[in-house]
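The values are calculated or read from the model by the stated rules, or taken from the named source; none is laboratory data. All figures in this text were calculated on a predicted structure; none of them were measured in a lab. Note: ideal-geometry Cβ built from the backbone for every residue, glycine included; neighbour counts use all protein chains shown. Surface accessibility is based on the protein's heavy atoms, side chains included, excluding ligands, DNA and RNA. Shrake-Rupley method; radii C 1.70, N 1.55, O 1.52, S 1.80 Å.
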Amino acid sequence: MSTVNWKPFLFGGLASVTAECGTFPIDLTKTRLQVQGQVSDSKYKEIRYRGMLHAFGRICREEGLRALYSGIAPAMLRQASYGTIKIGTYQSFKRLLVDNPEDETLIMNVLCGVLSGVISSSIANPTDVLKGVSLTAQRAAIVVGVELPVYDLTKKHLIISGYMGDTVYTHFLSSFVCGLAGALASNPIDVVRTRMMNQRAVLDGTCGGYKGTLDCLLQTWRSEGFLALYKGFFPNWLRLGPWNIIVSFGYSGSHALRTS
């Protein structure tokens, strides 16, 4: 059995912060798309953006280029804690269970991913909005429980099959596949989380907002349709793909140090 190594935490954190800087504008457009069109809140009732590219253009025209990085500082702070713990605990849990990556199974990786997602989100949550505590943990469990195991599984089978070796292209393909899986699994709860964290108190009492996770999900489904739960899906996927690519290449530096 392997002992816990500090290197996955260090390199996981550095890679996460770097990835956040590179993909933050995409995440901003995703958030703008997810909060618009809410019947229960007049502030977000208007459909301002027709898609990711339209959101990019309109934000730049109306708010300036710097608006695409509005809020980058707390996002980097969150990744410095959340990303560090998430990747570090995921890799450490796997090595505590098996010594060789070849011996890993999908069930084992999913379990390690869910645990690391919940732990990292719970510890890092003070850098997030407090009223989204449980939703943040739920989303983290789904994202990490799907994303990282799918990345490991895809890369493992691509290499074992002989179609691709351990190359840059394998990392790219595995990252986009796990990004797709993560976006499909997490987008509904991401929409709910984003809306609940952005809802405001209505002083005139005409609208009470969302009472909880299930209420927000049902209100969104009933008033806007099922596909509303997948608002921002494409920027979500396009963000997770490059994000995982940057993380995978950034984290790969730990292997070089580990063997040095």
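Here are some notes:
- Heavy-atom SASA rank of Asp103, Asp152 (probe 1.4 Å, accessible area, largest first): Asp103, Asp152
- Axial C-alpha extent at least 24 Å, average Kyte-Doolittle at least 1.0 - helices from the chain (DSSP): 106-124
- One chain, two ends: Met197 and Ile72. Fully extended at 0.36 nm per residue, the span grows by 43.3 nm beyond their Cα-Cα distance.
- With distances taken between every two different alpha-carbon atoms, the chain has a Kirkwood hydrodynamic radius of 19.2 Å.
- Accessible surface for Trp6 stands near 150 Å², nearest 10, in the context of the full protein assembly shown (1.4 Å probe).
- Across the chain, the mean sequence separation of Cα contacts (distance under 8 Å, 6 or more residues apart), normalised by length, yields a relative contact order of 28 percent.
- From helices alone, the chain scores -25000 deg cm²/dmol at 222 nm; the rule is -39500 (n - 2.57) for each run of n ≥ 4 DSSP H residues, then divide by the residue total.
- Listed peptides 45-55, 71-81 by packing density, highest first (mean Cβ within 10 Å): 71-81, 45-55
- Charges were assigned to the Cβ only: +1 to each Lys and Arg, -1 to each Asp and Glu. The resulting dipole of the chain about its Cα centre is roughly 640 debye.
- Sequence of Cys21, Cys178 when ordered by accessible area, the most exposed leading, probe 1.4 angstrom: Cys21, Cys178
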